[in-house]
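The next block holds one structure in the form of structure tokens; read it before the comments.
The values are calculated or read from the model by the stated rules, or taken from the named source; none is laboratory data. Fair warning: this is a prediction, and the values are worked out from it, not measured in the lab. Cβ atoms come from the backbone with ideal geometry, glycine included; neighbour counts cover every protein chain shown. What goes into the accessible areas is simple: the full protein's heavy atoms, side chains included, and nothing from ligands, DNA or RNA. Shrake-Rupley method; radii C 1.70, N 1.55, O 1.52, S 1.80 Å.
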Amino acid sequence: MNDRYDVVIAGAGPAGAQCARDLAARGYDVVVLETEAEEEFPRQSNKSTAGTFHSMMAAFGIPDDVVMQYTDSVVLESPTEHYVRDQTGAVLEFADFKRYLVKDSRDRGAEYRFDARVTAPITENGEIVGVTYNGDEEVYGDITIDATGPSAPLAKKLDIVDLERENHAIGVEYEFEGIDIDRPGFADLRDAMMLRLDHEIAPGGYSWIFHTGADTAKVGLCYIQNDSHDQYSRDDFTIDDYLSHWLETDPRFRDAEPIEGKQHRGSAHIQAPDKLHTDRFMAIGDTVPSLDPLWGEGINKCMQSGRAAAATADSVLKHDGIEPTAENLEVYDTLWHRDVAPNAKSRLLMTQLLYLAPNDRYDRLMRDLQRLDDDTLAEANKGNVRAIANLIELEDAPLLARFAKQQLDLDLGSLLP
Ligand SMILES: Cc1cc2nc3c(=O)[nH]c(=O)nc-3n(C[C@H](O)[C@H](O)[C@H](O)COP(=O)(O)OP(=O)(O)OC[C@H]3O[C@@H](n4cnc5c(N)ncnc54)[C@H](O)[C@@H]3O)c2cc1C
């Protein structure tokens, strides 16, 4: 087996597989090492609800046959109100989507090794030159990329990321049939992706119903173990208990039955990265992490980061005699901050503020969203401070004070030994 490549990628998720697709299309020798066995891929990594938008489908040429359901709207729900925004999207069958990315990158010339668990970087003179997998197997590359999601074995050992426990978001989801998808008193969720802000159901996070056709939907929730989670959580409740509680108390699920074998769970870190690369190495996707903190849109962001890393590798490798030093890979950071996650820090602050708000503020937020025009909302969603100011009211003073104190505690906390 070949043990030397232009690029070695750890992890065949959306980020790694897309990066391999782009590199193989440019004619580079690229190998992807994936820990799961090919026959059951993806199993544990089949974690995503996979709601996405046409921009992602078009930018990456994703075929219709991995789509479970096209959607026409995004609905935001609070305990007693809701807001509907017309926006077309698609709910993918995540497993089919992952397998498609592998097949398509193979068709373009990428090599895959399944059952290959990457454990550590191989370094020479302090620079990564390859990786160790399955204990004693080795493979070498001019550039190595960590795309293993939150496990990040290479990025952690190279001190590129420090994925912090307090920023760890966990999620669980089941697919159901028998859901009352257009129940009187609630928003019409036919052809919709719905996100619900309600600490009773997902303390310090949000829950969702993504319609997948007829009376079926993906139903799940996620949260970070933040201050709000501490404040609103119930003693001894696990994430599964919260989902059961929602299913038992929301009349839309009265006749719902779980579809066998359709459970997904996973995690991600909600934090802004300090570093993204070093000599001969880049970290992409949720390893960094790249997913949007506010609504958890990860697929598009992670694939964009894979594309930015592929373009960066190409810009170096196509020139004989130019080494992939940290300085020459710096363009990846520029592309990431400009195209993948612009305003990453302000979106993170918005996220922290949002999850800190109490349930009655969520009800008011839905009414505020209804009164504001689309342009202001689009700007607020991008993190524009002036547009966000339109959503803040005098009554928010206690919330803002609590938020300011939390930020101060965080800043002071970072000064403590
Ligand atoms: C419950 C849940 C719901 C979500 N819903 C949505 C949604 O609706 N829309 C959306 O856009 N995003 C959603 N996301 C986020 C999205 O799924 C992720 O952001 C995205 O999958 C990250 O892609 P990635 O390639 O960076 O990492 P991953 O998808 O985590 O892929 C990493 C790959 O690396 C492999 N791997 C791990 N460790 C090793 C190792 N040591 N060696 C080799 N291989 C390894 C894994 O098996 C996996 O195949 C959701 C996430 C969760 C958890």
Could you give me the residue pairs with C-beta distances under 8 Å whose first residue belongs to region 42-68 and is in a helix (DSSP H, G or I), whose second residue is of a type in the set (G, A, S) and within 12 Å of the ligand (Cβ to nearest atom) wherever it lies, and which are 6+ apart or on separate chains? H54/G89; H54/A90; M57/A90
Scanning for something more than 9 Å from the ligand (Cβ to nearest atom) and part of a loop (DSSP other than H, G, I, E, B), does region 82-92 turn up at least one residue? no
Go through T249, T278, T325, T287 for me and flag whichever is buried (at least 16 other Cβ atoms within 10 Å of the Cβ) and more than 16 Å from the ligand (Cβ to nearest atom). T278
Going by the structure shown, is I143 in the same structural domain as A37 (by TED's automatic domain parsing), more than 15 Å from the ligand (Cβ to nearest atom) and either in contact with an Asp or Glu (Cβ under 8 Å, 6 or more places away or on another chain) or in contact (Cβ under 8 Å) with a residue 24 or more places away in the chain (or both)? yes
Is it the case that region 33-53 has a residue that's more than 13 Å from the ligand (Cβ to nearest atom), farther than 14 Å from C302 by Cα, open to solvent by 10 Å² or more (accessible area, probe 1.4 Å) and of a type in the set (A, V, I, L, M, F, W, C)? no
Here's a check for you: in region 338-370, which residue that is touching a Leu at 6+ places or on another chain (Cβ under 9 Å) and without any contact (Cβ under 8 Å) to a residue 40 or more places away in the chain is nearest to Q271 (Cα to Cα)? R361
Verdict on L354 being at pLDDT 95 or above and not polar (S, T, N, Q): no
Return yes or no: is L154 assigned to a helix (DSSP H, G or I) and either open to solvent by less than 20 Å² (accessible area, probe 1.4 Å) or over 16 Å from H269 (Cα atoms) (or both)? yes
